[in-house]
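Below is one structure; the comments refer to it alone.
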Amino acid sequence: MDFISGKESGETETIVRSLAVVQWAQFISSDLSKTVATSMSNGAPIECCSSQNYRIQPRHNHPACAPLLREDSNRRYGQATCLNYVRSALAVGNTCTFAAPELKLNQATGDLDMSPLYGFTESARQRIRLYKDGLLKSTNPGQIKNSLLPLVTKDSHHFCAHRLDKEGSDRNNCFMSGDSRVNSNPFTITLYTIFMRNHNQLATALKKAHPQWNDEKLYQTAKTINVDIYKRIVLKEWLVNVLGRSMVGEIEKEQRKIGKSGSSVEVSNEYAIAASRFYLSMMPNDVHNYGFGDVSASSTVPPTDIFTLKDQLYNSNISYTAQKLDEILNAVIHQRTMRMDNSYVESLVSNSVRRPTHSDALAFDIQRGRDHGLQPYYKYLEVCTNVKISKWDDLKQFIAAEDIEKLKKVYQNWQDIDLIVGGISEIPAKDAAVGPTFQCIIVNLPHLRQIKI
């Protein structure tokens, strides 16, 4: 996978990262973390805002409600005044009692096992399998290179809206996989499709080489190879690009420790809720079509747009075909990411009343960090860099002066800066996409809970 599209020249050499970094980051984040929101006793979702996105009377609030509220004066600009947030479900500790707030339920495993494709639960695993020749379900199992993910008829579980075409017929763009988040945006749909195709290609090759193998053996072997390829790309290419080449030794050392111990890996809250979300700062508003020639992100020819992100979040209006997926994949390889900083594009923070659920990604991540009991940013910075922070100016060696001024407008005290906000505000480390605090958390993601903060 091509994560680096070139280098910019200047006083210092700057790596130019392609959107593949963002695309893979989102999948990896989903692979390692899936928080579970508290629900009603019958399994129904909890609503903390009215159907019109207004705040509701306190007597109607569920105890798990922690909605994000804004002044009603913004309503006339089409902004939601109440964004639904339900606190994450508590995990049960080793003593069979509900654990401290920082121990929330994680439905995903701590292993890179491609569970968003293959499923976190047995029912999800069964739903995605074809149960023939080791294949996964697809729109066209006979033509692997042109196949798409299978479509779902009931989309309520998959957080994806059906649309009507000009004739009034239901145009179903809701795809099925082992994880409902497959429909979150075109980046995820494309990558899930690639992984599905590769599994089916492997299963087909294995069937030809071993015609006596049954469906189960073909499926398990194809899955093992597919996951192994995925792991190698993550550990040898993606992580190196995100953390910098100097961190490779630390990553490999951690992997060997985990392998020798044979213990199960648990992902830290700090990674799941904050550090894994760095990619959102790098997401663009628009994804461009560069064609299939020698056109690059540096070309003077203005490309056309394939899609605008805010129009596609869990609500796709793209007519997916094999050619359309190729266009998106080509754009992912050629288009540069946004610069890593403490601001998100409008598509991710629009607060639109037409798209109220998770319409302000940064606000939700801040709220979730507080819900999960994360410590303030400076405490992690001190642990990771061994630098004592006692005033705003102490942050200048890690955060640009102009960004510190932005933070001062939001936080009255430097001690109040949330981990995710401080992390995305940091100046990226050498050859890395993230700063030293997120570097530290990602490298130590299974073990950070052992660090005393």
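The values are calculated or read from the model by the stated rules, or taken from the named source; none is laboratory data. All figures in this text were calculated on a predicted structure; none of them were measured in a lab. Cβ atoms come from the backbone with ideal geometry, glycine included; neighbour counts cover every protein chain shown. We work out accessible area using only protein heavy atoms, side chains counted, and drop any ligands, DNA or RNA first. Shrake-Rupley method; radii C 1.70, N 1.55, O 1.52, S 1.80 Å.
Structure summary
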read-out: Residues that are assigned to a helix (DSSP H, G or I) and either aliphatic (A, V, I, L, M) or at pLDDT 95 or above (or both), drawn from the range 439-453; value: 441, 442, 443, 448
read-out: Any pair with Cβ under 6 angstrom, 6 or more apart, that starts in the range 335-351 at a residue that is within 30 Å of residue 53 (Cα to Cα) and ends at one that is open to solvent by less than 50 Å² (accessible area, probe 1.4 Å) and acidic (Asp, Glu); value: 342/403; 349/360; 351/360
read-out: Any hit, the range 357-377, residues being open to solvent by less than 20 Å² (accessible area, probe 1.4 Å), at pLDDT 95 or above and not acidic (Asp, Glu); value: yes
read-out: Candidate set from the range 53-78 (those that are outside any loop (DSSP other than H, G, I, E, B) and at pLDDT 65 or above); member that is most open to solvent (accessible area, probe 1.4 Å); value: 59
read-out: Test for residue 433: is it outside any helix (DSSP H, G or I), open to solvent by less than 10 Å² (accessible area, probe 1.4 Å), more than 18 Å from residue 366 (Cα to Cα) and not acidic (Asp, Glu); value: yes
read-out: Which numbered condition residue 381 fails, given (1) over 30 Å from residue 313 (Cα atoms); (2) assigned to a loop (DSSP other than H, G, I, E, B); (3) open to solvent by less than 30 Å² (accessible area, probe 1.4 Å); (4) hydrophobic (A, V, I, L, M, F, W, C); value: (2)
read-out: Looking only at the range 32-67, and only at residues there that are over 28 Å from the mean Cα position of the chain (by Cα) and among the charged types (D, E, K, R), the one that is farthest from residue 272 (Cα to Cα); value: 59
read-out: Residues of the range 397-427 classified as under 23 Å from residue 246 (Cα atoms) and either at pLDDT below 95 or among the charged types (D, E, K, R) (or both), total; value: 1
read-out: Cβ-Cβ under 6 Å pairs, at least 6 apart or on other chains, the range 316-330 side more than 15 Å from residue 174 (Cα to Cα), far side surrounded by fewer than 19 Cβ atoms within 10 Å (Cβ to Cβ) and modelled with pLDDT of 90 or more; value: 322/146
read-out: Residues of the range 226-240 classified as open to solvent by 60 Å² or more (accessible area, probe 1.4 Å) and not acidic (Asp, Glu), total; value: 4
read-out: Conditions (1) free of Cβ contacts under 8 Å to residues at least 40 places away in the same chain; (2) crowded, with 19+ Cβ neighbours inside 10 Å: number failed by residue 388; value: (2)
read-out: The range 126-145: number of residues that are of a type in the set (D, E, K, R), assigned to a helix (DSSP H, G or I) and either closer than 19 Å to residue 174 by Cβ or open to solvent by less than 60 Å² (accessible area, probe 1.4 Å) (or both); value: 1
read-out: Meets criteria (more than 24 Å from residue 24 (Cβ to Cβ), in a helix (DSSP H, G or I), in contact with a Lys or Arg (Cβ under 9 Å, 6 or more places away or on another chain) and open to solvent by less than 10 Å² (accessible area, probe 1.4 Å)) for residue 218; value: yes
read-out: Residues satisfying the stated conditions in the range 172-209, i.e. assigned to a helix (DSSP H, G or I), open to solvent by 10 Å² or more (accessible area, probe 1.4 Å) and touching a strand residue (DSSP E or B) at 6+ places or on another chain (Cβ under 8 Å); value: none
read-out: Filter result for residue 296 (out of contact with any Pro (no Cβ under 9 Å at 6 or more places or on another chain) and either modelled with pLDDT of 90 or more or open to solvent by 50 Å² or more (accessible area, probe 1.4 Å) (or both)); value: no
read-out: Residue selected from the range 113-125 under the condition assigned to a helix (DSSP H, G or I), open to solvent by less than 50 Å² (accessible area, probe 1.4 Å) and not aromatic (Phe, Trp, Tyr), by the criterion farthest from residue 229 (Cα to Cα); value: 124
read-out: Qualifying residue in the range 319-336 (condition: closer than 30 Å to residue 90 by Cβ and either open to solvent by less than 20 Å² (accessible area, probe 1.4 Å) or at pLDDT 85 or above (or both)); value: no
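Matching residues to (1) open to solvent by less than 40 Å² (accessible area, probe 1.4 Å); (2) at pLDDT 90 or above; (3) under 30 Å from residue 190 (Cα atoms); (4) in a helix (DSSP H, G or I):
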site: 17; (1), (2), (3), (4): yes, yes, yes, no
site: 21; (1), (2), (3), (4): yes, yes, yes, yes
site: 26; (1), (2), (3), (4): yes, yes, yes, yes
site: 31; (1), (2), (3), (4): yes, yes, yes, yes
site: 43; (1), (2), (3), (4): no, no, no, no
